[in-house]
1. Please list the three semi-axes, largest first and in whole Å, of the ellipsoid equivalent to the chain, using sqrt of 5 times the eigenvalues of its alpha carbon gyration tensor.
2. Among the lysines, which have Cα under 28 Å from the Cα of K41 when same-chain residues fewer than 8 positions away are ignored?
3. By per-residue mean of other Cβ atoms within 10 Å, what is the highest-first order of 112-124, 235-247?
4. If I take R0 = 45 Å and measure r between the Cβ atoms of R247 and S36 in this structure, what FRET efficiency does the formula 1/(1 + (r/R0)^6) give, to the nearest 0.05?
5. Report, in whole Å, the centroid distance computed from the Cα atoms of the stretch 196-248 and the stretch 56-76.
6. Measure nothing but the geometry: give the 0 to 90° angle between the long axis through the Cα atoms of 150-171 and the longest principal axis through the Cα atoms of the chain, rounded to 10°.
7. Under the rule a/c < 1.5 gives rounded, and otherwise a/b versus b/c splits prolate from oblate, where does the stretch 27-106 land using the Cα gyration tensor?
8. Sort 35-44, 68-77 for me by packing, meaning the mean count of neighbouring Cβ atoms within 10 Å per residue, highest on top.
Amino acid sequence: MTEGSARLSATSSERAELAELIRTPYIRVLTYPKISLRTAKARIRQLERLGVEELVFEGHTRIGRLGILGLGTVGVVVTAITKKGESALKIRRTDANREDMDNEVKMTRLVNRVGIGPEIQSATDDFILMTLIRYEELEEWVRGQKGRGTKLVVASLLHSALNQCRKLDILAVDHGQLNNLRKHLVVADGRPWIIDFESAGTNRRPRNVTSAAQHLFVGGSVSPYLRRLMGIRSLDVVLDGLTAYKREPTDYMYSKLLEHLKLVPNETLRLATGSHRGPRTPSDFSPPKV
Ligand SMILES: Nc1ncnc2c1ncn2[C@@H]1O[C@H](COP(=O)(O)OP(=O)(O)O)[C@@H](O)[C@H]1O
Ligand SMILES: [Mg+2]
């Protein structure tokens, strides 16, 4: 169990069936931020279509007394129960700057095909039903790693996170908010997850790798810690690597960047596997056998 899930289950939770959602306090979540009975009724019909049976109000963020998983500018996210079990339900805020969730659904489905993001199960104009991720923030996870092997475990996770960014760059999908990495690159069960594709788009130059790497190693609050942990002495070398990748976002420049970030397996291992391209598996980071 992750620390995140332990914390979540430690908080009190409350459940409500669909018919109860027209009442306070539940209606406040369903039509946040402004109560509307008419909207609530229309939304309950959408929830029936999605096969949602109950909502579970749990999590550290609160709307009144009810716990929720999170609150953004577009959505309120809660736990939902369907026949298949638990999911995360993103509810469009009634004051969101868009009429539906179409772009987010389209972008998330696109990246789901390459194994990125919470998987969308189904969606309507006002809801997205997707995999529930009981996550920890990346910085919290990084700082929680202790003892022997920490460097390898962290390197492996960061490598895998940047590989996801690289895949997005290749797909030409720009997430759009990876400069605010704290909220969008999270960790669950030891693997990285990129969440919230509401600002994602395909008609601009993708900056996923550069935004994430810049936050992790150059400018973000976790960057001094990560530079020390990975043994990066020269910031200039990292910056040059970022500039080179930005100018020429090729596999080669990406692999050079990983080298500058000390995220590639050591030289001996690299020569032994004979590869310097493409994603490596976490097992490449296993300590060399002696
Ligand atoms: N699939 C999910 N599993 C668990 N929590 C989630 C999930 N998606 C979003 N959240 C939580 O809800 C918050 C708001 O969701 P987000 O998609 O960022 O909304 P917005 O588009 O309004 O910014 C997130 O910061 C996160 O804490
Ligand atoms: Mg968000």
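1. Equivalent-ellipsoid dimensions as semi-axes: 39, 20, 16 Å.
2. Result set, ordered by chain and number: K83, K84, K90, K106.
3. 112-124, 235-247
4. The pair R247/S36 has a calculated efficiency of 0.35.
5. 31 Å
6. 70 degrees
7. Note, shape of the stretch 27-106 comes out rounded.
8. Result, highest mean Cβ count within 10 Å first: 68-77, 35-44.
We did not get these values from a lab; they are worked out from the coordinates using the rules stated. Remember, predicted model here, so these are calculated numbers, not experimental data. Cβ: placed from backbone, ideal geometry, glycine included. Neighbour counts: every protein chain shown.
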